[in-house]
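Shown next, in structure tokens, is the structure this report addresses.
The values are calculated or read from the model by the stated rules, or taken from the named source; none is laboratory data. Note that the structure is predicted; figures quoted are calculated from it, not measured. Here the Cβ is made from the backbone with ideal geometry for all residues, glycine too, and neighbour counts use every protein chain on show.
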Amino acid sequence: MHDQWNRRNFLQTLALGSAGVSVGQASLCSLLAEEGPSPSKTHFPAKAKRVIYLFMHGGPSQLDLFDHKPELARRHGEELPESVRANQRLTGMTSGQASLPITSSLFQFQRHGQSGAWISEVLPHTAAITDELCFIRSVHTEAINHDPAVTLMQTGHQQAGRPSFGAWASYGLGTENKDLPAFVVMVSQGSAARPADPLYSRLWGSGFLPSNHQGVALRSNGDPVLYLSNHPGINRQTRRDQIEILSQLNQFQFQQHQDPEIATRIAQYEKAFRMQTSVPDLIDLSGESKSTFEAYGPESRRPGSFAANCLLARRMAERGTRFIQLYHRGWDQHYNLPSDLRLQCRDIDQPAAALVRDLKQRGLLDETLVVWGGEFGRTTYSQGKLEQANYGRDHHGGCFTMWMAGGGMKPGVLHGETDEFCYNVVRDPVHVHDLNSTMLHLLGFDHKRLTYRHQGRDFRLTDVHGNVINDIIA
């Protein structure tokens with residue numbers, strides 16, 4: 001203990017500048033200053049100020065939604081050629097399956113918009129805004145199970161522990177609103193009968209970045225944020241006095257140990273106090289018009305629904321939240337895909353389209369990047385028995401579809417192409433790292449330069465990979 005104390009004194013003395021202000025004190029002042037609105041320090045002018053990420057957790061079937069393959073109807077029930085599958089891994093759920101029968105979609109497709117994008121009948125509202133969207137049909141990933149695949153999409157690495165995209169955005173951009181978090185997360189439960197796969201808070205964690213950059217999860221019941229309300233008998237002035245005392249104690253502790261996490265704690269206590277007023281105002285939808293609720297759909301008045309969360313996302317965009325993550329669960333259709341996929345699409349189709357329209361009508365779409373997609377796609381072959389009106393599909397990382405809108409994207413664009421089996425990318429492949437580097441570029445960052453030193457190494461969201469997809473940027 002004596003040696004540790006001497007070491008601390010030595011480091012503190014070493015940190016003192018000629019003006020008698022330590023590096024730690026400067027860090028504390030800097031962090032507290034960042035709590036107010038501050039201009040972003042991007043590498044180049046940003047096209048987007050914020051991101052709304054609509055994440056369909058479980059892996060939506062690209063074959064049944066966006067990637068129309070007429071050839072599959074002609075080959076329905078045939079064995080998937082080994083030459084198509086090649087050396088791609090199968091999950092443990094179908095690796096031992098005796099037959100891999102080609103399965104065409106039960107849904108009807110039509111072309112929409114000037115781009116002529118093929119959209120499934122189960123997404124009529126999305127089809128109506130086709131010309132606002134950029135469809136990327138060639139996304140691919142090496143991860144074929146949920147946890148590593150979602151973790152890769154959200155943090156740039158299959159293993160847990162790295163900062164999430166939202167945390168990187170908060171770290172790079174700072175905050176526009178001192179009263180609300182820069183990074184907010186909302187989770188909705190899908191209507192599919194299949195139990196949803198688990199979601200972990202580390203997916204919106206800050207990893208090794210300062211903890212003030214982690215996502216704040218909004219709840220649909222009780223306090224929207226845990227411990228937001230004061231305890232009985234504690235009024236706002238009493239809480240203010242408590243925060244002041246805690247701040248003084250923490251600042252004293254900070255001077256002793258120079259731990260930047262103590263400075264983070266001070267700033268977070270201050271923000272939490274302000275959120276006691278700002279968050280209830282944010283989630284109060286009483287001022288929204290009847291036409292707005294009608295646009296987002298019948299579920300938009302139900303707290304915690306995907307529709308209500310989309311409406312809240314628009315309100316957060318208006319208030320300057322940097323990264324808004326909506327998770328919608330229940331897309332893992334290993335069986336009963338036709339019925340469950342209809343239910344899932346009914347949950348999200350109208351609200352997602354309404355969000356894009358709403359942002360555009362309010363002049364926010366040009367500066368807001370909206371992203372829709374999941375962690376991987378689904379297989380061309382059926383998992384289990386292929387029935388005349390029913391089938392399931394296993395996980396497939398070789399190709400899947402995502403769409404993006406606003407925030408510097410070219411509207412009405414179809415990027416990438418898959419083979420006639422919708423199993424392999426044949427043109428313009430987009431890896432997860434390419435997707436993330438492009439999103440960072442739209443936010444004004446060179447993904448190779450947005451780094452954070454940890455354990456002697458400079459880390460970044462895209463690890464040592466990633467190329468910006470310039471063809472889809474306006």
Unique residue being in a strand (DSSP E or B) and surrounded by fewer than 16 Cβ atoms within 10 Å (Cβ to Cβ) when the list is Val464, Val426: Val426
Residue tally, condition hydroxyl-bearing (Ser, Thr, Tyr) and surrounded by fewer than 20 Cβ atoms within 10 Å (Cβ to Cβ), over the stretch 179-215: 4
Residue count, the stretch 90-112 (criterion: surrounded by 14 or more Cβ atoms within 10 Å (Cβ to Cβ), within 21 Å of His146 (Cβ to Cβ) and within 30 Å of the chain's Cα centre (by Cα)): 4
Near pairs, Cβ below 8 angstrom, 6+ apart or cross-chain, from the stretch 208-237 (farther than 19 Å from Leu311 by Cα) to any residue that is part of a loop (DSSP other than H, G, I, E, B) and modelled with pLDDT under 90: Leu226/Arg219; Ser229/Asp223; Arg236/Asn230
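Within the stretch 303-346, which residues are of a type in the set (A, V, I, L, M), in a helix (DSSP H, G or I) and either at pLDDT below 95 or in contact with a strand residue (DSSP E or B) (Cβ under 7 Å, 6 or more places away or on another chain) (or both)? Can you show your working first?
First, pick out the residues of the stretch 303-346 that are of a type in the set (A, V, I, L, M): 307-308, 311-313, 316-317, 324, 326, 337, 341, 343.
Still in the running and in a helix (DSSP H, G or I): 307-308, 311-313, 316-317, 337, 341, 343.
Hits for the stretch 303-346 are Leu312, Ala313, Met316, Ala317.
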Qualifying residue in the stretch 379-389 (condition: within 16 Å of Leu152 (Cβ to Cβ), surrounded by 24 or more Cβ atoms within 10 Å (Cβ to Cβ) and either modelled with pLDDT of 95 or more or touching a helix residue (DSSP H, G or I) at 6+ places or on another chain (Cβ under 9 Å) (or both)): no
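So, of the residues in the stretch 275-296 that are among the small types (Gly, Ala, Ser) and in contact with a Lys or Arg (Cβ under 9 Å, 6 or more places away or on another chain), which turns out to be surrounded by the most Cβ atoms within 10 Å (Cβ to Cβ)?
Filtering the stretch 275-296 for residues that are among the small types (Gly, Ala, Ser) and in contact with a Lys or Arg (Cβ under 9 Å, 6 or more places away or on another chain), the one surrounded by the most Cβ atoms within 10 Å (Cβ to Cβ) comes out as Ala295.
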Positions within the stretch 142-158 being of a type outside the set (Gly, Ala, Ser) and over 16 Å from the mean Cα position of the chain (by Cα), in sequence order: Glu142, Ile144, Asn145
Single unsatisfied condition, Ala86 versus (1) surrounded by fewer than 17 Cβ atoms within 10 Å (Cβ to Cβ); (2) among the hydrophobic types (A, V, I, L, M, F, W, C); (3) at pLDDT 95 or above: (3)
Failed item in (1) of a type outside the set (Phe, Trp, Tyr); (2) within 30 Å of Ala295 (Cα to Cα); (3) not in a loop (DSSP other than H, G, I, E, B), with Glu375 passing the rest: (3)
Search result, residues across the stretch 390-407 that are crowded, with 22+ Cβ neighbours inside 10 Å and either in a loop (DSSP other than H, G, I, E, B) or more than 21 Å from the chain's Cα centre (by Cα) (or both): Tyr391, Gly392, Arg393, Asp394, Gly397, Gly398, Cys399, Gly406, Gly407
Boolean, Thr401 is among the β-branched types (Val, Ile, Thr) and in contact with a helix residue (DSSP H, G or I) (Cβ under 6 Å, 6 or more places away or on another chain): yes
Test: residue in the stretch 72-83 that is surrounded by fewer than 11 Cβ atoms within 10 Å (Cβ to Cβ), modelled with pLDDT under 95, over 30 Å from Ala193 (Cβ atoms) and not acidic (Asp, Glu): no
Residues of the stretch 129-171 satisfying the condition of being among the small types (Gly, Ala, Ser), more than 21 Å from Asp332 (Cβ to Cβ) and surrounded by fewer than 22 Cβ atoms within 10 Å (Cβ to Cβ): Gly161
Condition met for Leu386 (touching a strand residue (DSSP E or B) at 6+ places or on another chain (Cβ under 8 Å), more than 25 Å from Asn436 (Cα to Cα) and aliphatic (A, V, I, L, M)): yes
